[in-house]
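What follows is one structure encoded as structure tokens, with my remarks underneath.
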Amino acid sequence: MTTTPTFPESFLWGVASAGHQVEGNNVNSDVWFLEHLPGTMFSEPSGDALDHYHRYREDIALIASLGFTSYRFSLEWARVEPEEGLFSQAELNHYRRVLEACHEHGLTPVVTFHHFTSPRWLLAVGGWEGPRTAELFARYCDRVMAHLGDLIGVACTLNEPNLPWLLKSFGIGREAPENRGSVPVWAAAAERLGVDPSTVAPFQFSSTEAGFDVKLAAHHAATAAIKARRPELPVGWTLANSDIQSIDGGSDTADQVRRDVNERFLEASRGDDFVGIQTYGRTVYGPDGLAPVPEGAATNQMGEEIYPQALGTTIREAHRIAGIPVIVTENGLATEDDSQRVDYLRAAVDSVASCLADGIDVRGYIAWTAFDNYEWVFGYRPKFGLIAVDRTTQERTPKESAHFLGNLASNHSPKLVTQRA
């Protein structure tokens, strides 16, 4: 049954994007590098993407016109620091103009400092298992804050640092560092970078304990750097938390995955200002690992079960374990059928409302994604966007789902004009 709650006036209603997925031509990044290697796991290169780098003004105006009160986007470290120690004033100025456009249109900027992509040079010095990475990331965050910090509304340090452990449970990226040389793409990357394959550790694909330690250290160092510039700015990280379930014979696996992917990262979030929860559905384990989708269940474009009620479960889990405010920083559905998306969003928002009614401090709902964009290894085929994009003409067309969620935002929360610090 759909509830009709009163959302807090400060509740963030938004849509999200990520730099590499929408900006285009992120040529100094590690992901661009990987996209063009022999044996790459990426189905196609990102290329021009949605040209959001040049079209951000009209894109931000469109998002605001639909009724939303926030826009989550990421800064590209590879643009800001294309070579180690070389910071681009031009790129920092570009992102300042993006932030100013958000303020001009009354959108609270929810800014992700690292959304999967790193500078290519970082991959050559150990990537997300390297001993210097936390320090290097904190230095980048400090430079960003010095130039942009007064305009940021909410700061997210790392996006989905726990994702590699979920992928590992699916059999993706589980090889030990000493065996990476047997994987063609890692061997090719190592050859071109002039390093040993064991040290090739991109953010999305490192599921080692060293990777966990480095990401946690980077989050803490980045938080300290951000807070040093603006102590009152809300800071957290955003987690890929699935509703992890089991069927007969799968409980031990499910418990282990839940511990590795959800619980230890939520425990590490204690003391942060908030935790971003990013949930798309449930993951069910059986005696042989990942269980098949239940017979007759509706599925998304990747063949996964459509299960919007998962969001309420992961919010409650975050509240129980982390004990801090929650922002839903991603939630959405990959489908060509926008009526499916509307139904999904309705159910997901209803689960947020249920959490609010039970006294859980949920401070926003930000849908993935603003636009049909580049979806990493899947390329451009999955359609998560509330706004369609013709990539030949780059024409944007809001879908019914954009109007549906934008109307919810308008009806439940006054349009807030954000203030610069």
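The values are calculated or read from the model by the stated rules, or taken from the named source; none is laboratory data. These numbers were taken from a predicted model, which means no experiment stands behind them. FYI the Cβ positions are ideal-geometry reconstructions off the backbone, even for glycines, and counts take in every protein chain you see. When the accessible area is computed, the model is the full protein with side chains, heavy atoms only, and any ligands, DNA or RNA have been set aside. Shrake-Rupley method; radii C 1.70, N 1.55, O 1.52, S 1.80 Å.
Considering only the stretch 363-377, state which residues are farther than 16 Å from L12 by Cβ and among the charged types (D, E, K, R).
The answer is D372, E375.
A176 passes all but one of (1) open to solvent by 10 Å² or more (accessible area, probe 1.4 Å); (2) in contact with a strand residue (DSSP E or B) (Cβ under 6 Å, 6 or more places away or on another chain); which number fails?
So A176 meets the others, but not (2).
Would you please list the contacts, defined by Cβ atoms under 8 Å and residues six or more apart or on different chains, that run from a residue in the stretch 98-122 that is under 21 Å from Y374 (Cβ atoms) to a residue that is part of a strand (DSSP E or B) and among the aromatic types (F, W, Y)?
Listed by first residue and then by second, the contacts come to V98/F73; V110/Y71; V110/F73; V111/F73; T112/F73.
Condition check: open to solvent by less than 20 Å² (accessible area, probe 1.4 Å) and touching a Cys at 6+ places or on another chain (Cβ under 6 Å). Does I315 satisfy that?
yes
Could you please find all residues in the stretch 68-104 being crowded, with 19+ Cβ neighbours inside 10 Å, assigned to a loop (DSSP other than H, G, I, E, B) and not aliphatic (A, V, I, L, M)?
F68, T69, E76, E81
Go through the stretch 284-299 and report how many residues are in a loop (DSSP other than H, G, I, E, B), open to solvent by 30 Å² or more (accessible area, probe 1.4 Å) and of a type outside the set (V, I, T).
8
What is the residue count in the stretch 185-208 for residues that are more than 29 Å from P292 (Cα to Cα), in a helix (DSSP H, G or I) and either polar (S, T, N, Q) or open to solvent by 40 Å² or more (accessible area, probe 1.4 Å) (or both)?
Qualifying residue count, the stretch 185-208: 4.
When you scan the stretch 321-421 for strands (runs of 3 or more DSSP E) that lie fully inside it, which ones turn up with 2 or more residues that are open to solvent by less than 10 Å² (accessible area, probe 1.4 Å)?
326-330, 362-368
Quick check on L266: is it in a helix (DSSP H, G or I), open to solvent by less than 60 Å² (accessible area, probe 1.4 Å) and in contact with a helix residue (DSSP H, G or I) (Cβ under 8 Å, 6 or more places away or on another chain)?
Considered against the rule, which asks whether it is in a helix (DSSP H, G or I), open to solvent by less than 60 Å² (accessible area, probe 1.4 Å) and in contact with a helix residue (DSSP H, G or I) (Cβ under 8 Å, 6 or more places away or on another chain), L266 comes out as yes.
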